[in-house]
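Enquirer: Can you keep this structure in mind? I'll have questions shortly.
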Amino acid sequence: MGQLNSAESRVRLAEINVRQAEQEYERQKKLYERNLISKEEFERTEVSWLQAREERENATDNLEIVREGITQKTASYSNTMIRSTIDGLILDVPVKAGNSVIMSNTFNDGTTIATVANVNDLIFKGNVDETEVGRIHENMPIKLTIGALQNITFEAILEYISPKAVEDNGANLFEIKAAVNMPDTVVIRSGYSANAEIVLAHANQVISIPESSIEFKKDSAFVYLLTDSINQQFERIPITVGMSDGIRIEVKEGLTTESQIRGSEKKKK
C-alpha cells in the first residue's frame, strides 16, 4: 500500500509540473514570436516542458506496474509475463496464486511455475543391465509395451545410451532413451510405465529345430539323424548352430528341410 500511495502521489505531482511547464512554455513562445527573448532562452523552456511530460509518462507507467504488475506499452517486453518456449500440454503448475516466485540468476535456478511438454514427441527412458549394454547400439529399433494400454505395441528408435552406470540394488544399470513413434489414434500420457524389447539379431528363412533335441559336448553340437525309418535307426552327426530364442535354434549346416531327427530322450524315473 505504501508503494501504491507513493506512485499515485508521484503522478499527481507530475501533472502539476506539466501544467506549470506548459504555461511557461506558452508564455515564452509568445515572447519569442515577438522577438522579445532569445532563441536559446525559448529552447530551455521547451526542454523543461518536454521533460515534465516525460516525467508524467514515467510516473503513470510506474503506477500501472504497482497496480497491475505490467504496462500496456511494454507488455511484450516485461519480465513478469512468462511465456512457454514450446507449444504443448501443461503437465503441472507447482505454484499457486499468491506464491512468491523469483527469476533465474547466478545464484539459483529460479522458480518453476509450470511444466509443459509436447506429447507428440515422447521419449522412453529405461535401464539396461551391464551384461546386456555391450550388445546394443544407437539407432536400434525397439518395441514398447505399455501396461496401461494392453495389446498395443509402439515402435521406437534407440537414441541414447548412458556412458556411466548407476548402482541399483547391487546391479549396475545404464540409462537408455528412445524416441517413440506416436500414432494419431492413441493418447499416451506422461509417466506411463513401459517395457522395451530390443531385437539384437534376427534370421529369416532358416532351418530351426527344438533346442532340446540337440546334444551339446564342449563346443560342438550333435543331433541323431534318422537313417532307417523301418528299424528306427539313428546316426549321431555334428551340426553347426546359430541363433536361439531359448526354444528353437537355428541350424546353419548339417541338416536339410527333409531331414528327420530324434527328439530329446525321455528317461524313466
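The values are calculated or read from the model by the stated rules, or taken from the named source; none is laboratory data. Fair warning: this is a prediction, and the values are worked out from it, not measured in the lab. With ideal geometry, Cβ positions are generated from the backbone for all residues, glycine too; neighbour counts draw on all protein chains shown. These accessible areas exclude ligands, DNA and RNA; they are computed on the full protein's heavy atoms, side chains included. Shrake-Rupley method; radii C 1.70, N 1.55, O 1.52, S 1.80 Å.
Enquirer: Give the number of residues within the range 179-202 that are crowded, with 16+ Cβ neighbours inside 10 Å and closer than 17 Å to residue 132 by Cβ.
Expert: 2
Enquirer: Another question, if that's okay. Taking the condition of being open to solvent by less than 70 Å² (accessible area, probe 1.4 Å), in a strand (DSSP E or B) and not aromatic (Phe, Trp, Tyr), how many residues in the range 205-242 meet it?
Expert: Selection size over the range 205-242: 16.
Enquirer: Which condition from (1) over 30 Å from residue 6 (Cα atoms); (2) modelled with pLDDT under 85 is the one that residue 68 breaks?
Expert: (1)
Enquirer: Can you pull out the residues in the range 110-149 that are part of a strand (DSSP E or B) and either within 18 Å of residue 199 (Cβ to Cβ) or polar (S, T, N, Q) (or both)?
Expert: Those that are part of a strand (DSSP E or B) and either within 18 Å of residue 199 (Cβ to Cβ) or polar (S, T, N, Q) (or both): 115, 124, 126, 127, 128, 129, 141, 142, 143, 144, 145.
Enquirer: Please identify the pairs in which a residue from the range 150-163 that is farther than 9 Å from residue 179 by Cα has its Cβ atom under 6 Å from the Cβ atom of a residue that is open to solvent by 80 Å² or more (accessible area, probe 1.4 Å), counting only partners at least 6 apart or on another chain.
Expert: The qualifying pairs are 153/143.
Enquirer: Return the total of residues in the range 127-178 being aromatic (Phe, Trp, Tyr) and open to solvent by 60 Å² or more (accessible area, probe 1.4 Å). Quick ask: steps written out before the conclusion?
Expert: Taking the range 127-178 first, the residues aromatic (Phe, Trp, Tyr) are 154, 160, 174.
Retained after the next criterion (residues that are open to solvent by 60 Å² or more (accessible area, probe 1.4 Å)): 160.
Counting residues in the range 127-178 that are aromatic (Phe, Trp, Tyr) and open to solvent by 60 Å² or more (accessible area, probe 1.4 Å) gives 1.
Enquirer: Residues that are loosely packed, with under 13 Cβ neighbours inside 10 Å and either among the hydroxyl-bearing types (Ser, Thr, Tyr) or not in a loop (DSSP other than H, G, I, E, B) (or both): does the range 259-269 have at least one?
Expert: yes
Enquirer: Let me ask something else. Being outside any helix (DSSP H, G or I), open to solvent by 70 Å² or more (accessible area, probe 1.4 Å) and not acidic (Asp, Glu): is that true of residue 13 here?
Expert: No; evaluated as a whole, the condition is false for this residue.
Enquirer: Another question, if that's okay. Tally time: how many residues in the range 202-233 are in contact with a Lys or Arg (Cβ under 9 Å, 6 or more places away or on another chain), touching a residue at least 40 places away in the same chain (Cβ under 8 Å) and under 30 Å from residue 155 (Cβ atoms)?
Expert: Number of matching residues: 3.
Enquirer: Another question, if that's okay. Name the one entry in 107, 124 that is exposed (fewer than 12 other Cβ atoms within 10 Å of the Cβ) and of a type in the set (Phe, Trp, Tyr).
Expert: Of 107, 124, the one residue that is exposed (fewer than 12 other Cβ atoms within 10 Å of the Cβ) and of a type in the set (Phe, Trp, Tyr) is 107.
Enquirer: Kindly establish whether residue 174 is of a type in the set (Phe, Trp, Tyr), over 27 Å from residue 92 (Cα atoms), within 36 Å of the chain's Cα centre (by Cα) and assigned to a strand (DSSP E or B).
Expert: Considered against the rule, which asks whether it is of a type in the set (Phe, Trp, Tyr), over 27 Å from residue 92 (Cα atoms), within 36 Å of the chain's Cα centre (by Cα) and assigned to a strand (DSSP E or B), residue 174 comes out as yes.
Enquirer: Does residue 34 meet the test of being modelled with pLDDT of 90 or more and open to solvent by 100 Å² or more (accessible area, probe 1.4 Å)?
Expert: No: the conditions fail for residue 34.
Enquirer: Can you name the residue in the range 83-128 that is among the charged types (D, E, K, R) and either under 28 Å from residue 162 (Cα atoms) or under 20 Å from the mean Cα position of the chain (by Cα) (or both) and, of all such residues, is modelled with the highest pLDDT?
Expert: Step one: filter the range 83-128 for residues among the charged types (D, E, K, R), giving 83, 87, 92, 96, 109, 121, 125.
If we keep only those that are either under 28 Å from residue 162 (Cα atoms) or under 20 Å from the mean Cα position of the chain (by Cα) (or both) too, we end up with 83, 87, 92, 109, 121, 125.
Working: 83: 79, 87: 87, 92: 89, 109: 86, 121: 83, 125: 93.
Within the range 83-128, the match that is modelled with the highest pLDDT is 125.
Enquirer: On to the next question. Would you please name the residue that is farthest from residue 178 (Cα to Cα), looking only at residues in the range 234-243 that are without any contact (Cβ under 8 Å) to a residue 24 or more places away in the chain and touching a Phe, Trp or Tyr at 6+ places or on another chain (Cβ under 8 Å)?
Expert: Per the criteria, the residue is 235.
Enquirer: May I ask you to list pairs of residues, at least six apart or on different chains, whose Cβ atoms are under 9 Å apart, with the first in the range 106-119 being within 20 Å of residue 90 (Cβ to Cβ) and the second being surrounded by 14 or more Cβ atoms within 10 Å (Cβ to Cβ)?
Expert: 116/88; 117/88; 118/88; 119/88; 119/182; 119/188
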